[in-house]
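Enquirer: Handing you this structure, nothing more for now.
The values are calculated or read from the model by the stated rules, or taken from the named source; none is laboratory data. On a predicted model such as this, the values are computed, not experimentally measured, just so you know. Virtual Cβ from ideal backbone geometry, glycine too; neighbours counted across all protein chains shown.
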């Protein structure tokens with residue numbers, strides 16, 4: 001296949017891919033802000049309502065790597081299109097759900113559709129853009145994700161202010177149908193016809209599903225949670241043993257043997273752990289310690305994702321000219337500096353204004369780290385393993401976010417509520433700096 005698509009097909013393909021990613025990201029953020037409303041509508045506890053989010057995340061982590069492998073086997077465009085159709089059908093099911101159980105089931109199915117989109121987008125972008133400007137593609141992708149994350153709560157609140165909750169999911173359908181029409185412009189790539197190992201798929205699902213459920217239960221039911229986590233680890237051991245001799249394994253051990261790829265994955269897990277710890281710690285810090293209301297807290301946190309979105313394209317252009325290890329090291333260090341200042345700065349009189357530049361600095365560092373690190377992951381992998389690289393990229397992100405949430409849950413258990421958020425921000429700074437230091441191991445290449 002030639003290096004990238006010709007114009008104008010390339011522009012239509014990019015618009016299709018980025019729109020689909022925006023749909024998947026927005027849907028998660030919109031659902032989060034609606035939890036109190038849905039808890040009231042279905043007359044369930046807040047803990048039960050959280051399953052609307054957990055079901056989506058559970059399907060994502062279970063399906064990312066298998067669907068990436070399926071994209072390599074059947075073709076990325078085919079799997080992307082099928083995933084988008086499933087996402088839209090599940091959105092309709094969510095909008096019509098008569099109970100919390102049916103809504104959670106719809107969200108679970110929706111998660112499989114979202115996983116197909118996420119698992120194949122990075123690979124399709126690689127075949128859409130010429131390699132010399134692939135960093136720009138990763139930068140635009142980071143910008144769309146950042147803006148969607150920032151706009152999600154606002155859009156969700158706006159929909160709920162003028163319409164009933166089913167429109168949170170029904171709004172996906174007309175937009176998604178337009179995106180579906182654009183799939184004909186996507187590149188034909190993949191299609192090795194390699195068969196999936198059903199046992200490996202089940203072990204992968206058991207590993208991620210057990211660990212995510214175990215982490216979710218850890219604070220309330222410790223013994224069953226530890227049992228689930230142990231079962232997940234056992235599935236991981238069995239999966240690695242089964243996949244070790246394979247040329248193109250479902251769990252991409254072949255890519256993890258490549259030093260630059262392995263370094264990028266480890267750095268990504270560390271950086272996303274720092275991000276999630278910060279996202280959990282900051283609301284508690286602002287609302288509980290500084291006495292801010294929910295609106296002010298959301299407004300104060302917005303500069304982070306907005307800055308990530310603005311820095312994405314810039315980092316993409318720079319990564320075409322500057323070694324990715326250098327950019328990621330600078331980004332990790334910048335993120336660590338912003339988080340350390342947020343943790344240590346005395347906010348006298350409850351004023352949060354000094355916090356805003358620290359969050360802008362954190363967002364700039366995260367954006368500068370993420371784009372070149374993801375670019376390195378994708379370009380280190382052979383083109384025929386682009387799907388596995390994209391699946392591992394998303395898996396590293398979700399693994400880091402899960403670790404960050406778990407660490408903060410432990411901190412709130414063992415530390416006083418007024419201390420835990422600032423200690424969490426300080427530890428997040430250490431993890432971000434670790435990601436930057438790890439990235440320097442790529443500079444010698």
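Enquirer: Residue 119 - would you say it is in contact with a helix residue (DSSP H, G or I) (Cβ under 7 Å, 6 or more places away or on another chain) and either closer than 19 Å to residue 65 by Cβ or outside the structural domain of residue 24 (by TED's automatic domain parsing) (or both)? If you could, list the steps in order and put the result at the bottom.
Expert: On the way: in contact with a helix residue (DSSP H, G or I) (Cβ under 7 Å, 6 or more places away or on another chain): yes; either closer than 19 Å to residue 65 by Cβ or outside the structural domain of residue 24 (by TED's automatic domain parsing) (or both): yes.
Taking the combined requirement at face value, the residue satisfies it.
Enquirer: Could you tell me which of the residues 101, 75 is over 20 Å from the mean Cα position of the chain (by Cα), surrounded by fewer than 18 Cβ atoms within 10 Å (Cβ to Cβ) and not assigned by TED's automatic domain parsing to the domain that holds residue 211? Before you say what the answer is, go through the steps one by one.
Expert: Numbers: 75 fails: surrounded by fewer than 18 Cβ atoms within 10 Å (Cβ to Cβ).
Criteria check complete, one pass: 101.
Enquirer: Moving to a separate point now. Answer yes or no as to whether residue 241 is farther than 17 Å from residue 399 by Cα, free of Cβ contacts under 8 Å to residues at least 12 places away in the same chain and outside the structural domain of residue 340 (by TED's automatic domain parsing).
Expert: Values: farther than 17 Å from residue 399 by Cα: yes; free of Cβ contacts under 8 Å to residues at least 12 places away in the same chain: yes; outside the structural domain of residue 340 (by TED's automatic domain parsing): yes.
Judged against the criteria, residue 241 is a match.
Enquirer: Condition first: closer than 12 Å to residue 81 by Cβ and more than 25 Å from the chain's Cα centre (by Cα). Can you find one or more residues in the stretch 173-181 that meet it?
Expert: Taking the stretch 173-181 as the starting set, the residues that turn out to be closer than 12 Å to residue 81 by Cβ are 176, 179-181.
Pick out the ones that are also more than 25 Å from the chain's Cα centre (by Cα) and you get 181.
Scanning the stretch 173-181 turns up at least one residue that is closer than 12 Å to residue 81 by Cβ and more than 25 Å from the chain's Cα centre (by Cα).
Enquirer: Hand me the list of helices (runs of 4 or more DSSP H) wholly inside the stretch 64-182 holding 1 or more residues that are without any contact (Cβ under 8 Å) to a residue 40 or more places away in the chain. Before the answer, list the steps.
Expert: Numbers: elements: 76-95, 100-128, 134-162, 167-170, 172-181.
Here the list reads 76-95, 100-128, 134-162, 172-181.
Enquirer: Still on this structure: Among the residues of the stretch 324-355, which ones are under 24 Å from residue 273 (Cβ atoms) and surrounded by fewer than 16 Cβ atoms within 10 Å (Cβ to Cβ)?
Expert: Filtering the stretch 324-355 down to residues under 24 Å from residue 273 (Cβ atoms) leaves 324-345, 355.
If the condition is that a residue be under 24 Å from residue 273 (Cβ atoms) and surrounded by fewer than 16 Cβ atoms within 10 Å (Cβ to Cβ), then 344, 345 are the ones that fit.
Enquirer: While we're here: What number goes with the only condition from (1) in a helix (DSSP H, G or I); (2) touching a helix residue (DSSP H, G or I) at 6+ places or on another chain (Cβ under 7 Å) that residue 292 does not pass?
Expert: Residue 292 satisfies all of (1) in a helix (DSSP H, G or I); (2) touching a helix residue (DSSP H, G or I) at 6+ places or on another chain (Cβ under 7 Å) except (1).
Enquirer: I've got another one for you. Is there any pair with a first residue in the stretch 401-413 that is in the same structural domain as residue 222 (by TED's automatic domain parsing) and over 18 Å from residue 429 (Cβ atoms) and a second that is at pLDDT below 80 and not in a helix (DSSP H, G or I) whose Cβ atoms are under 7 Å apart and which are 6 or more apart or on different chains, and what are they?
Expert: Sorted first by the residue in the stretch 401-413, then by its partner, the list stays empty.
Enquirer: Please enumerate the residues belonging to the stretch 176-197 that are surrounded by fewer than 19 Cβ atoms within 10 Å (Cβ to Cβ) and modelled with pLDDT under 90.
Expert: The answer is 188, 191, 192, 193, 194, 195, 196, 197.
Enquirer: Just to be sure, is residue 440 surrounded by fewer than 21 Cβ atoms within 10 Å (Cβ to Cβ) and at pLDDT 90 or above? I'd like the intermediate steps shown before the answer.
Expert: Values: surrounded by fewer than 21 Cβ atoms within 10 Å (Cβ to Cβ): yes; at pLDDT 90 or above: yes.
Spelling it out, residue 440 is indeed surrounded by fewer than 21 Cβ atoms within 10 Å (Cβ to Cβ) and at pLDDT 90 or above.
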